[in-house]
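The values are calculated or read from the model by the stated rules, or taken from the named source; none is laboratory data. Remember, predicted model here, so these are calculated numbers, not experimental data. Using ideal geometry, Cβ is built from the backbone for each residue, glycine included, and neighbour counts are taken over all protein chains shown.
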Amino acid sequence: MIELLIVVAVIAIVIGFAVPNMRQMMLNNSTKAAINSLLGGLQMARNEAVARGKAITFCPSNQQGSNCGTSSGEKDYQYGALVMMVGNSEVIHRTEPTPKNVQVNNEGDSKINFQSSGTVKNTGTIRVAGQGSIKKTICIGAFGQTHTKEGIGAGVTCP
């Protein structure tokens, strides 16, 4: 009987340490998923521009998922992002909406326009921060390449 009580106590202690770590892991995973979704959408937009030989836009979605968001609440990717043809508004791809515990902020123009060569008219910076410990900045360079940097503060700049 005493052995059973000791085993139960040890299990309770292990669970007590594991539960807070599990919450942190879940928060970090939702932030990583949002970052990967944005990076995947940006890469798809660039690839589609080159493959189709036409300009493609990557932008935050409006609530209906049919066009680029224009209101302040729609510019933060809460409804996901769109990969669209420039000119005829054909939606090629929609990313998943950003989880509620993840904040995404665009700096500058919220539309990233990829040319048929894969380059961009306007470079961009997207800052992503979750309630967990992960905070990253996504940089979109003039040649259309994307990369991430640790942190989101004023000291984190994109070239």
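Quick look at the values:
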{"item": "Within region 134-148, considering residues that are surrounded by 14 or more Cβ atoms within 10 Å (Cβ to Cβ) and in a loop (DSSP other than H, G, I, E, B), the one modelled with the lowest pLDDT", "result": "Ile134"}
{"item": "Where a residue in region 143-155 is touching a residue at least 40 places away in the same chain (Cβ under 8 Å) and within 17 Å of Arg46 (Cα to Cα) and its partner, wherever it lies, is basic (Lys, Arg) and surrounded by 12 or more Cβ atoms within 10 Å (Cβ to Cβ), with Cβ under 6 Å and at least six apart", "result": "Gly144/Arg46; Thr148/Lys136"}
{"item": "Long-range neighbours under 7 Å by Cβ, at least six apart or interchain, first residue over 19 Å from Ala51 (Cβ atoms) within region 68-97, second of a type in the set (Lys, Arg) and buried (at least 16 other Cβ atoms within 10 Å of the Cβ)", "result": "Cys68/Lys111; Gly69/Lys75; Gly80/Arg94"}
{"item": "Check on Glu90, acidic (Asp, Glu) and over 20 Å from Asn36 (Cα atoms)", "result": "yes"}
{"item": "Some residue of region 149-159 being crowded, with 17+ Cβ neighbours inside 10 Å and touching a helix residue (DSSP H, G or I) at 6+ places or on another chain (Cβ under 9 Å)", "result": "no"}
{"item": "Any hit, region 71-83, residues being within 20 Å of Ile138 (Cβ to Cβ), of a type in the set (D, E, K, R), modelled with pLDDT under 90 and outside any helix (DSSP H, G or I)", "result": "yes"}
{"item": "Residue in region 46-64 that is among the β-branched types (Val, Ile, Thr), out of contact with any Lys or Arg (no Cβ under 6 Å at 6 or more places or on another chain) and not in a strand (DSSP E or B) present", "result": "yes"}
